[in-house]
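Here is the structure we will look at, set down as structure tokens.
The values are calculated or read from the model by the stated rules, or taken from the named source; none is laboratory data. Keep in mind the model is a prediction, meaning the values are calculated, not measured. In this analysis, Cβ positions are derived from the backbone assuming ideal geometry, glycine residues included, and neighbour counts consider all displayed protein chains.
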Amino acid sequence: MKKSILYFICYIFLLTDINSQSVYFSQTNNNSVNFDFYLPQYSVRDTTLPAGYGISNTFSYIQMNDEDFGVIDSIGLPLLPQLTIDVHMPIGATNFSISLSSCQYSYFNVTNPILPALKDINPDTMNYIFNMDSVHYASNYPFMLIGATIMDEYVVFGEKGLSVSINPFEYTPTNGQIKVLTQGTISISYTMNTSLNMINPHRSTIAVERYLSALFSNYSPQNVREINKENYLIITAPIFENAISAFADYKRNVGYNVKVVNTNVTGTSFSNIKNYIQNQYNNISTRPEYVLLVGGSSFIPASAGTIGDNYDPITDLFYSTLEGNDYKADVFLGRFPVSTINELSAIVNKTLYMEMNLSGMTKKATFIAGAEYNNSWMERQFEKGHDYVVDKTFSPDGFTCDKLYQPSDIQVSQNLSNNPLFFIYSGHGNTTEWAGISFYLTNNLLVNANNTCYPFAFAFACLTGNYVNTGSICNSWINETNKGAVTYFGSSVTTLCHSDLVIEKKIFDSYFSTDVSISSIINHGMNKFRTHFWGLFNRDRVKRYLKSYNLLGDPSLIMSGVDCFYNYIFTQNVNVTSGNILNKQAEHLIRNDNTFFVNNGASVYLQAGDEILLTDGFYAAEGSDFEAVIAPCSGRAEQQSQVLDNTPPLYEYNRMPQQDSSGTSISELNSLHGLKIHPNPVSGILNIELMDTESSVAQITVFDLLGRIMLKKENLSQPELDVSALSRGMYILQVCTSDGKSLTSKFVKE
């Protein structure tokens with residue numbers, strides 16, 4: 001169940017405001033990096049504690065208007081603001097030293113003592129524990145001096161960084177004086193070890209450059225025209241290897257370099273799999289940006305953790321920490337926690353459907369806050385993160401937001417059936433349910449919803465991300481067929497209210513964007529959570545959260561869908577099944593290099609600025625909806641409908657008649673593409689004739705409308721095929737010629 005940690009509470013009033021610039025920037029000289037720091041606006045406020053503490057004293061605290069600021073969090077000692085920023089350094093930099101100069105200060109006094117950092121509150125027992133270091137509060141010495149310190153040294157995606165913490169407030173308890181750093185210059189000096197320069201080369205991709213630009217305060221991104229394709233490594237249990245191939249092909253079509261390997265190759269233990277990923281990472285040409293683990297923990301083990309141990313959470317984190325002695329992920333990692341091929345098919349189908357259709361979906365988000373027996377204060381803690389991100393992020397980005405605070409089962413089910421893109425919960429939980437008290441989201445409630453949009457689900461609640469338990473609610477969200485979510489983010493252990501609130505804020509804060517991958521946003525948010533806290537004794541607690549929250553789902557999933565490219569080349573076979581919509585745009589060219597099937601009930605929209613080339617492998621079935629237009633790459637948004645409606649389609653296959661409007665037969669149409677088959681319809685022997693007399697038939701393959709291979713013949717003595725064993729219906733014929741061409745036709749089996 002949920003726990004809470006107490007920070008700023010009730011009876012707040014403004015005492016004083018200080019205005020200053022909220023900027024800090026970097027300048028790099030020889031073997032040094034310099035930052036000019038300006039303290040942003042803050043206020044000093046008073047608070048009292050809930051009655052459960054038995055403390056009637058009034059305390060003061062300092063509240064920063066800049067959400068990038070965190071806190072010095074040492075239990076029993078003054079809770080003061082701090083700012084931690086990440087600084088990009090040369091990979092060969094070493095022997096760091098830091099100094100603060102050109103300082104300007106101000107002073108003020110508080111009548112009441114500064115609020116101490118307090119221990120966690122367990123709402124199940126409501127056991128309030130008040131901690132205040134009496135020795136320190138009776139002293140004439142500050143707990144923390146004004147200054148700047150190096151918090152961490154790390155390597156991430158091949159680049160070295162430092163986390164630098166700035167403490168701008170100095171508090172003397174006995175006289176209540178607070179000294180304030182309003183401005184200063186921070187200098188980081190280092191020496192260069194040139195032998196380290198190329199040990200960890202940086203591989204530039206759009207995803208990595210964007211992530212590093214957001215992570216570091218002083219990063220200069222590489223030229224995007226020189227960016228590589230992202231490498232995508234899929235590690236799967238052997239049982240799932242065939243079933244994951246369609247997903248891998250789709251990702252190749254989208255533009256990733258995909259490698260699929262099974263655990264017979266990598267080994268089945270964590271150390272074996274981690275070593276394989278490490279070896280791929282160490283080679284710059286094979287270094288993955290994305291890693292997907294396919295299988296539940298019985299197939300691919302967690303990287304660490306003990307079930308039921310809050311301080312040793314079940315985690316996948318260490319599959320992604322590949323450089324430096326740190327907790328920063330060096331790849332974007334996700335897992336399909338499946339136990340059967342049917343479960344894998346369910347999440348693959350949901351992933352492809354969502355990424356192909358996200359750009360046209362309504363921007364809706366749902367925020368659910370759980371209830372607490374006779375404790376409105378605790379309920380308010382569940383709501384705070386939601387209120388912040390709705391106002392700060394979702395509403396400004398055009399989302400319609402529903403707040404379901406202490407809802408009923410019916411309200412939750414009905415809202416999920418209204419197809420929100422985000423479904424975000426804060427409250428109590430356990431392995432098998434979102435235990436909202438006023439509602440209980442179990443697997444039964446989940447499968448009874450009628451959603452056709454599969455949202456990005458987030459649970460800031462205890463144990464709701466424990467994927468090791470095959471009956472867990474997180475696995476149900478992912479593995480249910482045509483139900484549940486496309487990705488899920490949750491904790492494998494008990495969580496605390498304030499930490500969950502900070503994680504929610506950081507994930508959906510300034511870096512949140514619907515055109516960024518889900519894992520990039522999560523990696524960035526968890527890093528901002530890490531830098532929010534600074535204290536002598538808090539590192540283990542922060543690391544616990546970094547480990548306990550895991551992403552289930554495709555880490556590369558772009559939250560706005562895959563939209564406009566320069567060229568969009570379908571390099572792999574495409575099979576758009578009934579009910580799915582494929583909407584692809586390209587600035588210049590769209591082309592299929594292999595078979596491209598649009599099945600009955602499927603819809604395909606292609607839009608390119610200059611050229612759409614559909615080769616002989618293309619086929620749209622009767623009852624499908626296909627449209628291709630030459631128009632600027634702009635999305636099929638409502639404001640573009642006039643342009644699309646007034647632009648004649650290059651191809652439009654809404655039906656497949658036995659004759660076209662001019663009376664040309666299917667056989668005659670086939671002959672126009674270098675291939676003639678007869679008779680058509682056919683009951684027995686199908687004759688095949690190449691228009692190019694220089695070529696011969698090397699291989700014949702027959703597909704049904706679902707893309708399944710029904711017949712395959714090689715080294716034919718005569719170009720004919722006996723189809724008498726096939727069931728009645730429409731089929732696709734693919735002929736490979738002796739000179740390497742691939743020709744495609746359609747025929748009807750009577």
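With respect to SER101, is the statement that it is in contact with a strand residue (DSSP E or B) (Cβ under 7 Å, 6 or more places away or on another chain), outside the structural domain of GLY427 (by TED's automatic domain parsing) and over 30 Å from THR194 (Cα atoms) true?
The answer is no for SER101.
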Need pairs with beta-carbon distance below 7 Å; first residue modelled with pLDDT under 95 and within the stretch 298-315, second assigned to a loop (DSSP other than H, G, I, E, B) and loosely packed, with under 15 Cβ neighbours inside 10 Å; sequence gap 6+ or separate chains.
ASP312/THR306
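What number of residues within the stretch 45-67 are part of a loop (DSSP other than H, G, I, E, B), touching a residue at least 60 places away in the same chain (Cβ under 8 Å) and over 23 Å from PHE108 (Cα atoms)?
Count: 4.
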Out of all the residues in the stretch 248-278, which are closer than 16 Å to GLU230 by Cβ and free of Cβ contacts under 8 Å to residues at least 24 places away in the same chain?
ALA248
Test GLU372 against the stated conditions and say whether it is closer than 30 Å to SER297 by Cα and modelled with pLDDT under 95.
no
Here are some conditions: (1) more than 24 Å from the chain's Cα centre (by Cα); (2) closer than 30 Å to PHE597 by Cα; (3) among the hydrophobic types (A, V, I, L, M, F, W, C). MET192 meets all but one. Which one does it not meet?
(2)
Give the stretch 455-495 a look and list any residue that's in a loop (DSSP other than H, G, I, E, B), closer than 18 Å to MET559 by Cβ and not small (Gly, Ala, Ser), or say none.
PRO455, VAL486
Residue selected from the stretch 411-449 under the condition assigned to a strand (DSSP E or B) and more than 24 Å from the chain's Cα centre (by Cα), by the criterion surrounded by the most Cβ atoms within 10 Å (Cβ to Cβ)
ALA435
Any residue at all in the stretch 230-250 that's farther than 23 Å from PRO201 by Cβ, at pLDDT 95 or above, polar (S, T, N, Q) and crowded, with 17+ Cβ neighbours inside 10 Å?
yes
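Inspect the stretch 365-373 for any residue being closer than 25 Å to ASP397 by Cβ, outside the structural domain of GLN414 (by TED's automatic domain parsing), touching an Asp or Glu at 6+ places or on another chain (Cβ under 7 Å) and crowded, with 22+ Cβ neighbours inside 10 Å and give the result as yes or no. Can you show your working first?
Pass one, the stretch 365-373, residues closer than 25 Å to ASP397 by Cβ: 365-369.
With the extra rule that they be outside the structural domain of GLN414 (by TED's automatic domain parsing), the set shrinks to none.
No, that holds for no residue.
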Name the single residue that is surrounded by the most Cβ atoms within 10 Å (Cβ to Cβ) among those in the stretch 580-614 being free of Cβ contacts under 8 Å to residues at least 40 places away in the same chain and not in a strand (DSSP E or B).
ALA602
Exactly one of TYR388, TYR425, TYR405 is farther than 26 Å from ASN469 by Cα and touching a residue at least 40 places away in the same chain (Cβ under 8 Å), and that residue is TYR388
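Each row is one residue, and each column tells you yes or no for (1) within 15 Å of ALA485 (Cα to Cα); (2) within 19 Å of the chain's Cα centre (by Cα); (3) outside any strand (DSSP E or B); (4) in contact (Cβ under 8 Å) with a residue 24 or more places away in the chain.
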position	(1), (2), (3), (4)
VAL338	yes, yes, yes, yes
LEU352	yes, yes, yes, yes
LEU358	yes, yes, yes, yes
ILE368	no, no, no, yes
MET378	no, no, yes, yes
From the options GLU159, GLU209, GLU170, GLU153, residue that is more than 30 Å from PHE59 (Cα to Cα) and without any contact (Cβ under 8 Å) to a residue 40 or more places away in the chain
GLU209
Scan the helices (runs of 4 or more DSSP H) fully inside the stretch 182-297 and keep the ones with 3 or more residues being over 27 Å from ASN575 (Cβ atoms) and not aromatic (Phe, Trp, Tyr).
206-215, 263-266, 270-282
Keeping to the stretch 502-529, report how many residues are under 15 Å from HIS386 (Cα atoms), in a loop (DSSP other than H, G, I, E, B) and among the acidic types (Asp, Glu).
1
Go through the stretch 130-181 and count every residue that is of a type in the set (Gly, Ala, Ser), in a loop (DSSP other than H, G, I, E, B) and surrounded by fewer than 17 Cβ atoms within 10 Å (Cβ to Cβ).
3
Of the listed residues (PHE565, PHE529, PHE570), the one being of a type outside the set (Asp, Glu) and either surrounded by fewer than 21 Cβ atoms within 10 Å (Cβ to Cβ) or at pLDDT 95 or above (or both) is PHE565
For the stretch 265-273, state whether one or more residues are at pLDDT below 95 and surrounded by fewer than 23 Cβ atoms within 10 Å (Cβ to Cβ).
no
With the condition kept exactly as written, say whether any residue in the stretch 463-479 is closer than 21 Å to PHE533 by Cα and either modelled with pLDDT under 95 or among the basic types (Lys, Arg) (or both).
no
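If you check ASP326 against the conditions, is it surrounded by fewer than 24 Cβ atoms within 10 Å (Cβ to Cβ) and either modelled with pLDDT of 90 or more or farther than 22 Å from GLY561 by Cβ (or both)?
Yes, satisfied.
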Right, ASP397: surrounded by fewer than 23 Cβ atoms within 10 Å (Cβ to Cβ), within 23 Å of the chain's Cα centre (by Cα) and either part of a helix (DSSP H, G or I) or modelled with pLDDT of 95 or more (or both) or not?
no
